[in-house]
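Here the structure is laid out as structure tokens; the discussion comes afterwards.
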Amino acid sequence: MQNMVILGATGSIGASTLSVIERNPETFKAYALVANASVDKMLALCLVHKPVIVHMVDCDAALALRSRLPAALNIEVTSGEDELLALVSAPEVDTVMAAIVGAAGLPSTLAAVKAGKRVLLANKESLVMSGRLFIDEMQGSGAQVLPVDSEHNAIFQCLPKRVQQQIGACQLTDAGISHILLTGSGGPFLTADLASLDTMTPAQACKHPNWSMGRKISVDSATMMNKGLEYIEARWLFNASQEQLKVVVHPQSVIHSMVQYKDGSVVAQLGNPDMRTPIAHCMAYPQRISAGVEPLDFFKVGQLSFMEPDFNRFPCLALAIDACAQGQEATTVVNAANEISVDAFLNGVIKFTDIAKINEYCLTKLAQPSLNSIEDILALDTHTRRIAAEQVQQLKQ
């Protein structure tokens, strides 16, 4: 029995993880559920899954939840940063699903890594912001990090078994690997007229053609910044050089990513666009369990198409790739700027095309001091957010 902590339990990844747990109750237990402030959603989860501990980041939400939970459930409700870090490090915990969106997920994810836990990584920002520091901590503690993002999980599945054991220090060339091919759908605006992007609304940007996701990640898919962040994450997970990483636009989202070998072979992982598949793979690795996902029906798939990314249409993707080449400091800046600009767009403050403008301004204008600790990373993140917020006000509609 694996005791699991689910960071971001009320989000889409959390829901998918709990669905897999429900199908495999003899192997996994939702030991602790963590969320920000969604009291109603968390209460509903508690009634079904009966965790031992619930942690609410928002103190008022913790008080409200505590007052509403039936005493008979005997669920401990905690709050506070120190309590969260202690929770993910607790000896009773075997596995941590790291699915808090954005920079907010970095401290708890890194704490789980430092504690040597089995970490299912769905928070790509942890590697985007702290790359080298994260990998060093993982190697020092002996933590096992398994990639949950569908693309990185696909790449992982396509690697030789011995390379799967080398996360963060993969020797791709020695394994006969020439390229990692990171696929992306291109989102809802793949074929939209470029002149129309100025007028796109949050509702349009969040209407992904294939995946059901949260609002922030849906906008990132529309700008392809999501693919840019995944590019950075892949660089660290698989110890890949810029020459070994390629982005391939694949609108159908059937091939989740591929690995190209020196002998001309390309190994791909295919499946229906359902996050329960990579989640179940990580939870049970190296075994396979039921995820509740229908197998791919090749007779219904139809045509599979591929194209090179258009950087005029997706400037955020180009910015992320450039930041990756510059290093950890630049990727921290571009991630922080993007969180502020996307939030402003979702709230109707700026135009869709202003997202890239703000991200580019921060990447090119901000000084990038050397980052040697999580405190350094969070300080640069905070500074970037302030500058990005100033740019939002200048571009305000």
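The values are calculated or read from the model by the stated rules, or taken from the named source; none is laboratory data. The model shown is predicted, which means the values in this text are computed figures rather than measured ones. All Cβ positions, glycine included, derive from the backbone under ideal geometry; neighbour counts span all protein chains shown. Each accessible area value is taken on the protein alone, full model and side chains, heavy atoms only, with ligands, DNA and RNA left out. Shrake-Rupley method; radii C 1.70, N 1.55, O 1.52, S 1.80 Å.
Remarks
- Residues in region 263-276 that are open to solvent by 20 Å² or more (accessible area, probe 1.4 Å) and in a loop (DSSP other than H, G, I, E, B): 7 in all.
- Pairs are defined by a Cβ separation below 7 Å, a sequence spacing of at least 6 or placement on different chains, a first member in region 272-295 that is closer than 15 Å to GLU22 by Cα and touching a residue at least 60 places away in the same chain (Cβ under 8 Å), and a second member that is crowded, with 17+ Cβ neighbours inside 10 Å and among the aromatic types (Phe, Trp, Tyr); the pairs so defined are MET283/PHE28.
- Out of LEU84, LEU121, LEU69, sole residue that is over 30 Å from TYR261 (Cα atoms) and under 20 Å from the mean Cα position of the chain (by Cα): LEU84
- Residues of region 341-386 that are closer than 24 Å to SER130 by Cβ and touching a Phe, Trp or Tyr at 6+ places or on another chain (Cβ under 8 Å): ILE355 alone.
- Within region 353-368, the set of residues being of a type outside the set (A, V, I, L, M) and part of a helix (DSSP H, G or I) comprises ASP354, LYS357, ASN359, GLU360, TYR361, CYS362, THR364, LYS365.
- Residue within region 277-286 that is closer than 25 Å to LEU190 by Cβ and part of a loop (DSSP other than H, G, I, E, B) present: no
- Selection within region 179-194 - within 14 Å of CYS158 (Cα to Cα) and out of contact with any Leu (no Cβ under 8 Å at 6 or more places or on another chain): LEU181, THR183
- Restricting region 120-154 to residues that are in a helix (DSSP H, G or I) and without any contact (Cβ under 8 Å) to a residue 40 or more places away in the chain, the residue that is most open to solvent (accessible area, probe 1.4 Å) is GLN139.
- Residue satisfying all of: in region 353-366; of a type in the set (D, E, K, R) and modelled with pLDDT of 95 or more; surrounded by the fewest Cβ atoms within 10 Å (Cβ to Cβ) among these: LYS357
- Here LEU371 meets the list (1) open to solvent by 60 Å² or more (accessible area, probe 1.4 Å); (2) more than 20 Å from LYS216 (Cβ to Cβ); (3) in a loop (DSSP other than H, G, I, E, B); (4) not hydroxyl-bearing (Ser, Thr, Tyr) almost entirely, failing just condition (1).
- Test: residue in region 375-384 that is within 30 Å of ALA195 (Cβ to Cβ), of a type in the set (D, E, K, R) and assigned to a helix (DSSP H, G or I): no
- Taking region 94-119 as the range and being assigned to a helix (DSSP H, G or I) and not hydroxyl-bearing (Ser, Thr, Tyr) as the test, the residues that pass are ALA103, ALA104, GLY105, LEU106, PRO107, LEU110, ALA111, ALA112, VAL113, LYS114.
- Among residues of region 1-20 being of a type in the set (Gly, Ala, Ser) and in a helix (DSSP H, G or I), the one that is least open to solvent (accessible area, probe 1.4 Å) is GLY14.
- Listing of helices (runs of 4 or more DSSP H) fully contained in region 155-237 that carry 1 or more residues being within 26 Å of PHE311 (Cβ to Cβ) and open to solvent by less than 30 Å² (accessible area, probe 1.4 Å): 202-205, 215-223, 225-237
- Complete set of residues in region 247-262 that are among the hydroxyl-bearing types (Ser, Thr, Tyr), open to solvent by less than 20 Å² (accessible area, probe 1.4 Å) and assigned to a strand (DSSP E or B): SER257
- Filter result (at pLDDT below 95 and among the polar types (S, T, N, Q)) within region 140-164: SER150
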